[in-house]
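Following: one structure in structure tokens, then a few remarks.
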Amino acid sequence: MADTDEELGWVRASQTGDPAAFGRLVGRHQRMIHALAYRMTGSLAEAEDLAQETFIAAWHQLEGFRGEASFSSWIYRIAVNRCLNWRSRAQRRDSVHQAWSEQRESIPSGDAPRARQVQEALLQLDPAQRATIVLTVYDGLNHAEAARALGCAETTVSWRVFTARRKLRKLLANVQGKGGGA
Amino acid sequence: MSHRDDELNELLRTTCVPDRTPGYWEEFPLTVLRQLHRPVSPPVDASSSQRLWAWGLGLATACLVLGFFAGFRRGHAVGFSAADVAQSRKIYQEVAALFPDRVQTVLLNGRGSQLVLASDAQRPASAPLLVQICHAGDCRRFITFSGQRVALNGETFEVLSDAEGNVLVVGERLAWSSGEPRKAAAGYHIRATALGEAL
């Protein structure tokens, strides 16, 4: 997640209040943040909201970015925290979703049934476990990197991965394909 | 990593993130920029920041309850007149100046105002929201933010705002939206409005 000189220039300009430079940063990292948010929520609309929240929070926190980590790592951590917080808010907000009949999108995918089951299984994990799986399996972070992103110990990440895998195997036991029935 | 782990990973990766249209990716940065109402403040040097924080924490500990004569009184007949909103803005501005980015809720009642402060400075999740909840003759009025919780008669409500500017009040027995203010709310009478992004 190394920053280019060009990107560092955008970061510095954004820190002086240049929205156009910040727009370029958004453009560069929007797909990564959307993907993370989608993995965490299973919803395109929620992912869009979370991505917006993440970038807006980043804008307001830019003064605190000192460059010790790369900008992409920094904003990724903001997104992870937002996603974890989203889950707790969403749980309390279920009645609102029912009352206003907010529609959760179906999961468009080539192999839709299996993909849907997998996504639903992910959503049944504890949010911290899900975040750990998303970071390590989908985004390819090692346990040390995931621990930094999640703000916890590496051993905690390892334990969460272990327990999440155990639960996923049970949840996906009936899913055709490898891994589920093992 | 065991073989079983590899197989599980393979199965997990069968879920692809749905792609968006090129137009979406072009528009998204602009959507974000349109929501950046507040300018970035210049960096504060660490020592003055720590002094401010320590000063604020001391004040917060000593002055959990501050008296602000706001002119509000209890009663379910109280509405949000322009004067009410203006007064609430004034109160919020005074409190926010004392505790920047740490105000979570200001409870307004007939005896003054009670503050709920965060232990650390954190940008609020929304513009300040003015919320009044009345039930069985008892009314409480709050200035708070999306995601915060308020209480009346032992019942807790979460206040939320959505992208359309509606204020939602969610409790165990009700879910009320300023977008549908007349919707039945289990005997509760609720009013809510955003106090404005410019605060």
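Some points to look at:
- Shielding value for B:96-104 is 0, the average number of Cβ atoms from other chains within 10 Å of each residue's Cβ.
- Full extension of the chain between B:S119 and B:A86 gives 9.1 nm of extra length, using 0.36 nm per residue less the Cα-Cα distance.
- For the stretch A:108-180: rounded, prolate or oblate by the Cα gyration tensor [a/c cutoff 1.5]: prolate
- Net charge contributed by nearby residues that have their C-beta within less than 12 Å of B:S88 (K/R +1, D/E -1): +2
- Pair A:N174, B:E180: separation of 7 Å Cα→Cβ label points (nm): 3.4
- Counting only protein heavy atoms and using a 1.4 Å probe, the accessible area of A:K167 comes to about 80 Å².
- Once the 1.4 Å probe is applied to the protein heavy atoms, the stretch A:108-180 comes out at 47 Å² accessible per residue.
- Surface share of carbon and sulfur [accessible, 1.4 angstrom probe, percent] for the stretch B:82-194: 45
- Interface size A-B, as summed buried accessible area [1.4 Å probe, Å², nearest 100]: 4600
- Protein-protein interface of the stretch A:155-173, residues with accessible area decrease of at least 20 Å², isolated chain reference, 1.4 Å probe: A:R165, A:L168, A:R169, A:L172
- Evaluating 6.51 cos²θ - 1.76 cosθ + 1.60 at θ = phi - 60° for every residue in the stretch B:150-156, the Karplus couplings come out as 10, 9, 9, 6, x, 9, 9 Hz, glycine and proline recorded as x.
- For peptide B:161-169, the mean count of partner chain Cβ atoms within 10 Å of a residue's Cβ comes to 2.
- For the stretch B:82-194, the per residue solvent-accessible surface stands at 44 Å², with DNA, RNA and ligands left out and a 1.4 Å probe.
- Couplings 3J(HN,Hα) of the stretch A:137-144, computed from phi: 8, 7, 9, x, 6, 7, 5, 5 Hz, in residue order, whole Hz [Karplus 6.51 cos²θ - 1.76 cosθ + 1.60, θ = phi - 60°; x for Gly and Pro].
- The mean number of Cβ atoms from other chains found within 10 Å of a Cβ in peptide A:45-57 is 3, as a whole number.
- Accessible area (Å², 1.4 Å probe, nearest 10) - A:V137: 0
The values are calculated or read from the model by the stated rules, or taken from the named source; none is laboratory data. On a predicted model such as this, the values are computed, not experimentally measured, just so you know. Virtual Cβ from ideal backbone geometry, glycine too; neighbours counted across all protein chains shown. Please note that ligands, DNA and RNA were not included when accessible areas were found on the heavy atoms of the full protein model with its side chains. Shrake-Rupley method; radii C 1.70, N 1.55, O 1.52, S 1.80 Å.
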